[in-house]
Amino acid sequence: MELDEKTFKKLFPNLYREIVEKKMRLRIDEARTSIEEGEEEARKSRDAPSLPTPIDYLRRCENDGEALVVIDYLERRREITSEEAERLREQVKMYGVRSFGSKKEWGYYSEKYLREVNP
């Protein structure tokens, strides 16, 4: 089914506005070249805890201000490059800290990993 722009705008006014204003856009920085590779990466994250990534730290933040402080800290400690820090800041400013994923609340890792150890 094909729709012309006028019909699409009439049927889906909010979606049309978001598309035209380029709201809710997310940049994809990485792509898996095979299903197996993607599944392996997903399995790694489910199987055992690992060192937190910058995204893990950002998902703990309450608001955008906290996220910017975390980015500055990680850059200062050279855990991320200046380029990566700038890209993260831009994403926080444009889309907010929740664009990195839902907030990881206190006990997230205990609930996720220790439950399997102590059923």
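The values are calculated or read from the model by the stated rules, or taken from the named source; none is laboratory data. Note that the structure is predicted; figures quoted are calculated from it, not measured. Because the Cβ atoms are built from the backbone with ideal geometry, glycine has one as well, and the counts that use them run over all protein chains shown.
Annotations
- The lone exception for Pro119 - which of (1) in a helix (DSSP H, G or I); (2) modelled with pLDDT under 90 it fails: (1)
- Meets criteria (at pLDDT below 80 and surrounded by 11 or more Cβ atoms within 10 Å (Cβ to Cβ)) for Glu39: yes
- Any helices (runs of 4 or more DSSP H) falling wholly within region 43-101 and containing at least 2 residues that are at pLDDT 95 or above: 64-76
- Taking region 82-107 as the range and being under 14 Å from Thr53 (Cβ atoms) and loosely packed, with under 13 Cβ neighbours inside 10 Å as the test, only Gly101 passes.
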